[in-house]
Amino acid sequence: MATMSASAICSFLLLWGLLASSPCAFAASVRPEQLQQVKDTALQAQDLCFKEMYRDPNAYALCIRNLRQKYEKEEYKSLGAEYFGFVGALSYMRVSQMGAEPIAAEFLKSFRANQKRLGLSDGALCATVPGDCVIRNRQMLDMEKSPKQQVPLQVKCEGGVCRIAPVQKP
Amino acid sequence: MLGNWNRRDISGTTAFFAVSAVAALIVVACGGGSSGSKLTISGTAATGAPLANATVTARCASDRYPGQVSGGTGTTATDGKYFLVVENGIAPCALEAAVGSIKLHSLVAADDSNGGTVSTTANITPATEMVFASLASDAGDTAAYFARFSSDKGAVMSRTNVNLALQATLNILQSLGLSTDDLAALQDPIRGTLLPKSGSQQGNAYDKALDKIAENKLTDTSNTSPVQVKIMAINDFHGNFQPPSATNGGTVVLANGASTKSVTAGGAAYMATLLNQMRAKANGANNILVGAGDLIGASPYASSVTNDEAAIDILNALGMELSAVGNHEFDRGMAELRRIQNGGCRSAAAGGIVGTNTCLQTGNTFSGAKYKYLAANVIDTATSKTVLPATYVKRFGTVSIGFIGLPLKGTPSSVSASGVAGLRFDEEAAVINRYANTLKASGVTSVVVLIHQGGQTTASTINDKTCPGFSGDIVPILNQLNSNVDVVVSGHTHMEYACNFPSTSAGKNILVTSTGFYGNAVSEIDLVLQPGKGLVSASANTVPVIQNIAGNANLPAGFSALDKDATVDAMVTSYVAKSALAGAQQVGTITGDIKRATYVLNNSTTRDETNESPLGDLMADSYLAAAPLGADIAFVNPGSVRADLLFTNPGRTNGVVTLADLSTIEPFGNTLTTMNLTGSQILRLLEQQWESPNHTAKTNASTSTVGRILCISKGLTYSYDNNVAAGAASGAGGRVVAGSVKLNGVAIDPVRSYKVITNSYLSILNPTSPAGPDNFTILSQGTNKLDTKILDLDAFIAYFAANAGLSAPVSRVTRVN
């Protein structure tokens, strides 16, 4: 078994650190079958969790987290679950579904870390879930650039309906 | 008049019903000397005028060769009469009369012969064609269904089903404008007497009714120019006539080149302007506003306090013409839905506004929804009929659209069982296909489905026409529809899309739309229809209801902001003021805050169902006080307590409790139910608070406590040991401390029967949720159950009225460890 010297390890880690900050640089290192795992698990997340979103965004987030946990030792599958977690929530942000934005932010943070570690480019990852990648990636970068302060939420009831709603300041 | 029957599409080819008087022979099919059954069928084939010289073919079940089909043929005479014999044949039978390119169908119901030598009547007319089409739910058209007829159709063609199909046909004919007399003449178009006008013979009432049907068709067949029709659609409005919160439905994201722009959207006054703009673009009067359900229910306070009369009045003003019922239209039960449709005040006793009835419209009236609610798959189990009309036909000059409306079949699992008691929700696709066939057979140019079921896309801006990642519960439905369906207006998922969905079953693209929710957008659907041909083209856009306010400046190309419509805006303002006035009425007083158990996590206050709720206990006390002839114990599920009661509120005297407070705390409109439980059942009920799956259903993330703690009435006390593991299998829990369950200080007797009162949510076992509401299955096992018809909110109001100066109850549940 080949061994690496300490300096070689340091050089490798330094190089890895530099490249990891730019996920695009690693695009070529991901094998097609690994990308397929991301795609398949994203689809699984869609089938399993997406319909929870309009009923209860928290149930959607929980469903995605559970799926991610299921694949915690299969990193590409785990990435697929959390990437869909982001895309699914982002898609409900377009109609301002309550709770969608913090969920999108949660999974954005987690998938970005794994994306960098695994070396998938934004373009390659985006292609695993259908949609306009130019706009989606722009939204992703905008959210990263200026993360919104999470609005404190509470259960608020008005007349015949109760919803999770922002805490109103008196 | 005996006019030409219209063009219609059969098996993808255009058949044209031309009526002519042609001499014909009566041909009697010869018997074969068989010793089996002999079914003789006679009747008249006519489209108004007699259908002469047509070949009539019968395909019947065989009693001699089970599983096979016995056939017989005959030919119509000049007066349309025919006679044929089917050797070895028994009902059910499918019949086809064919001459030239005309094909009409009829049937003999399964129960109409039982073997032996039997004679029966079966006319073959456009009316029987519609009945036949209604039964042909698994075929794209009636000719295909006839060709595939097999002996196992007994269940499909039972007398009961035929009668249902007949009723559906009559409903459609009524919507086409046939008079009561005409409909009376068509009560049994298969077996009734039909005398077509022929020579000097005057036609009878049945014949005249057929003429009326023909008049509804394209008598002017020379005018086959395409016609543009605009459908405007919304879904999941939920009574949001005020602009919704920007963080909950009130913002939409638009594509802006390679970027995006968020804009605030919604509000009935703005939507009215948008609808008027769309109508102005439409081809004259060729437009219609429709809904895909949940237009009311789960509404904001301003609407819900009026029992949604305010929202209905405003939807009327917007020009809503018809809608599917959604699951939320059933929130307050079928009787209330009928009132919403037909009008009439809701009395104070029935849950009107406290101290008075509803009817906030000018003149203290409520005229009901001017639009028609459709519910094609909602069957009253007592009558086997739909509880509301299934279809609606609207003509646009020389073309017509048949609309089918229905909610999701899963409605019972998403509303209180009492709201759907006595109703059956059938599978959607089969129902749609059945009515689509009937509508097509009646001659409509196109079929549009309004369904409260939907899908989702992975688009991140609205009106992404690529429809990426379309999925959801609507997909399997779309993949079972037949080719008669052209457009599906959907809802329920609060999602927005305008997709051309390639339906595998229909073999063509079906346009599918949804708008989002709370009135933040409108689907603008443009159809081109052609007489005799059907749908020529279909396209749709999601158009956001963008408010013309400062924050919505610099919109991307193609989008524009809207001013308020003054008339609708005045209505909105009026109803907001009325609802505030109603809600401000004082109903009681308190001496301090009375709250639920809550905890704060990540800056958010969350209801804590794992701990005792003082306000929930007070609610249980109100149940107990309301029990007719008294009760021993009351139970309330913690999820029924939706807000806290605060001593200090801005703008009012400290301690004053208003109607708005109580209706906010207890918004569900449940009724109270009494029952008997034994002492041991009560103990089991308490254990179910932590047994699987309740131990994971509710958790307190800050204290790591688990379970779903019932709110209990005064007098009942008990202790539980938090060191005993939660999550035991049903019936195996052991957290309640032995001997600690007491009523007024006396240990509960395991064999004694106690009278318990709870709400209808907890007491009614929902067939679609056999685990029982909130997993408290014991409450579904009570004996002597009685729905008191007392609304939980009324009990709460009465308790406050009778007990001034209420305070938080002393704890009744003791946690050990």
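The values are calculated or read from the model by the stated rules, or taken from the named source; none is laboratory data. All values reported here derive from a predicted model rather than from experimental measurement. Every residue, glycine among them, receives a Cβ derived from its backbone with ideal geometry; neighbour counts consider all protein chains shown. Accessible surface areas use protein heavy atoms only, side chains included; no ligands, DNA or RNA. Shrake-Rupley method; radii C 1.70, N 1.55, O 1.52, S 1.80 Å.
Considering every residue within the stretch B:626-635, establish whether at least one is in a loop (DSSP other than H, G, I, E, B), small (Gly, Ala, Ser) and without any contact (Cβ under 8 Å) to a residue 24 or more places away in the chain. Checking the stretch B:626-635: not a single residue is in a loop (DSSP other than H, G, I, E, B), small (Gly, Ala, Ser) and without any contact (Cβ under 8 Å) to a residue 24 or more places away in the chain. Any residue at all in the stretch B:264-271 that is within 14 Å of chain A (Cβ to nearest Cβ) and hydroxyl-bearing (Ser, Thr, Tyr)? Yes: the stretch B:264-271 contains one or more residues that are within 14 Å of chain A (Cβ to nearest Cβ) and hydroxyl-bearing (Ser, Thr, Tyr).
Restricting the first member to the stretch B:459-484 and to residues that are at positive phi, and the second to residues that are small (Gly, Ala, Ser) and modelled with pLDDT of 95 or more, the beta-carbon pairs closer than 7 Å and six or more apart or on different chains are B:ASN463/B:ALA498; B:GLY469/A:GLY131; B:GLY472/B:GLY454; B:GLY472/B:GLY455. Note on the stretch A:29-97: enclosed helices (runs of 4 or more DSSP H) holding 2 or more residues that are surrounded by fewer than 15 Cβ atoms within 10 Å (Cβ to Cβ) are A:32-49, A:57-70. Kindly indicate whether any position in the stretch B:45-54 is among the hydroxyl-bearing types (Ser, Thr, Tyr) and either open to solvent by 10 Å² or more (accessible area, probe 1.4 Å) or in a strand (DSSP E or B) (or both). No, there is no match, as no residue in the stretch B:45-54 is among the hydroxyl-bearing types (Ser, Thr, Tyr) and either open to solvent by 10 Å² or more (accessible area, probe 1.4 Å) or in a strand (DSSP E or B) (or both).
Of B:SER460, B:SER471, all but one fail to be surrounded by fewer than 24 Cβ atoms within 10 Å (Cβ to Cβ) and within 14 Å of chain A (Cβ to nearest Cβ); the exception is B:SER471. Taken over the stretch B:287-320, the criterion of being on the phi > 0 side of the Ramachandran plot and in a helix (DSSP H, G or I) is satisfied by no residue. Only one of these conditions is not met by B:ALA566: (1) within 19 Å of B:ALA436 (Cβ to Cβ); (2) surrounded by fewer than 19 Cβ atoms within 10 Å (Cβ to Cβ). Which number is it? Evaluating B:ALA566 over (1) within 19 Å of B:ALA436 (Cβ to Cβ); (2) surrounded by fewer than 19 Cβ atoms within 10 Å (Cβ to Cβ) leaves (1) as the failure.
Take B:ALA570 and tell me if it is within 35 Å of the chain's Cα centre (by Cα) and free of Cβ contacts under 8 Å to residues at least 40 places away in the same chain.
yes
If you go through the stretch B:438-458 and keep only what is among the hydroxyl-bearing types (Ser, Thr, Tyr) and assigned to a strand (DSSP E or B), you end up with just B:SER446. State whether one or more residues within the stretch B:602-623 are open to solvent by 40 Å² or more (accessible area, probe 1.4 Å), part of a strand (DSSP E or B), over 30 Å from B:ASN500 (Cβ atoms) and not β-branched (Val, Ile, Thr). Yes, that holds for at least one residue. Reported count of residues in the stretch B:261-289, each being of a type in the set (S, T, N, Q), under 19 Å from B:LEU450 (Cβ atoms) and surrounded by 21 or more Cβ atoms within 10 Å (Cβ to Cβ), is 1. Filtered by the rule that a residue be under 25 Å from B:GLU687 (Cβ atoms), at pLDDT 85 or above and either hydrophobic (A, V, I, L, M, F, W, C) or in a loop (DSSP other than H, G, I, E, B) (or both), the stretch B:763-811 gives B:PHE776, B:ILE778, B:LEU779, B:GLY782, B:PRO809, B:VAL810, B:SER811. All told, B:ALA302 meets the bar of being within 13 Å of chain A (Cβ to nearest Cβ) and either open to solvent by 10 Å² or more (accessible area, probe 1.4 Å) or farther than 21 Å from B:LYS465 by Cα (or both). B:THR648 meets the conditions (1) more than 30 Å from B:ASN784 (Cβ to Cβ); (2) open to solvent by 50 Å² or more (accessible area, probe 1.4 Å); (3) at pLDDT below 90 in every case but one. The failed one is (3). For the stretch B:63-91, a residue qualifies if it is of a type in the set (Gly, Ala, Ser) and surrounded by fewer than 21 Cβ atoms within 10 Å (Cβ to Cβ), and the qualifying residues are B:GLY67, B:GLY71. Residue-level analysis places B:LEU218 outside the set of residues that are crowded, with 24+ Cβ neighbours inside 10 Å, more than 29 Å from B:TYR518 (Cβ to Cβ) and at pLDDT below 95. Per the conditions (1) among the small types (Gly, Ala, Ser); (2) closer than 22 Å to B:TYR497 by Cα; (3) modelled with pLDDT under 95; (4) under 9 Å from the mean Cα position of the chain (by Cα), the sole criterion not satisfied by A:GLY85 is (3). The set of residues in the stretch B:200-212 that are loosely packed, with under 15 Cβ neighbours inside 10 Å and free of Cβ contacts under 8 Å to residues at least 60 places away in the same chain comprises B:SER200, B:GLN202.
Restricted to the stretch B:325-436, the set of strands (runs of 3 or more DSSP E) holding at least 1 residues that are β-branched (Val, Ile, Thr) and either at pLDDT 85 or above or surrounded by fewer than 21 Cβ atoms within 10 Å (Cβ to Cβ) (or both) comprises B:378-380, B:391-396, B:399-407. Of all residues in the stretch B:790-806, exactly one satisfies the criterion of being open to solvent by 40 Å² or more (accessible area, probe 1.4 Å) and in contact with a Pro (Cβ under 9 Å, 6 or more places away or on another chain), namely B:ILE790. Take the conditions (1) at pLDDT below 55; (2) more than 10 Å from chain B (Cβ to nearest Cβ); (3) open to solvent by less than 20 Å² (accessible area, probe 1.4 Å); A:THR128 misses just one of them, which is (1).
If the condition is being modelled with pLDDT under 85, open to solvent by less than 50 Å² (accessible area, probe 1.4 Å) and touching a helix residue (DSSP H, G or I) at 6+ places or on another chain (Cβ under 9 Å), then the stretch B:174-189 contributes B:LEU176, B:LEU178. Considering the stretch A:98-110, and only residues there that are within 12 Å of chain B (Cβ to nearest Cβ) and open to solvent by 10 Å² or more (accessible area, probe 1.4 Å), the residue that is nearest to B:MET495 (Cα to Cα) turns out to be A:MET98. Here B:ALA317, B:ALA233, B:ALA258, B:ALA292 are screened, and the one residue that is modelled with pLDDT of 95 or more and either over 21 Å from the mean Cα position of the chain (by Cα) or surrounded by fewer than 24 Cβ atoms within 10 Å (Cβ to Cβ) (or both) is B:ALA317.
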